[in-house]
C-alpha cells in the first residue's frame, strides 16, 4: 500500500495503514483520485 501511494501514484507517504485497509481509486484523464478509503491515514 505504501509503495502504491508513494512510488506509483506519486501521492506521498501514508501516516498509518490499519488491518484490512483499502482504497478505491478513480482514473480521470490519467490522474488517479481517491474516491473512498477505510483504515488509512494520509499525510497528504
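Rank-order 9-15, 28-34 by packing density, defined as the average count of other C-beta atoms within 10 Å over each peptide's residues, highest first.
Going by the mean number of other Cβ atoms within 10 Å, highest first, we get 9-15, 28-34.
Here are a few candidate values for Kirkwood radius over Cα pairs in Å: [x] 10.7; [y] 11.1; [z] 13.4. Which one was actually calculated from the structure I just gave you?
Looking at Kirkwood radius over Cα pairs in Å for this model, the match is [x].
Between residue 26 and residue 10, what length comes free when the chain is fully extended (0.36 nm per residue of separation minus the Cα-Cα distance, one decimal in nm)?
Gain in length upon complete extension: 4.3 nm.
We did not get these values from a lab; they are worked out from the coordinates using the rules stated. Here the structure is a predicted model, which is why all the values come from computation and not from measurement. Every residue, glycine among them, receives a Cβ derived from its backbone with ideal geometry; neighbour counts consider all protein chains shown.
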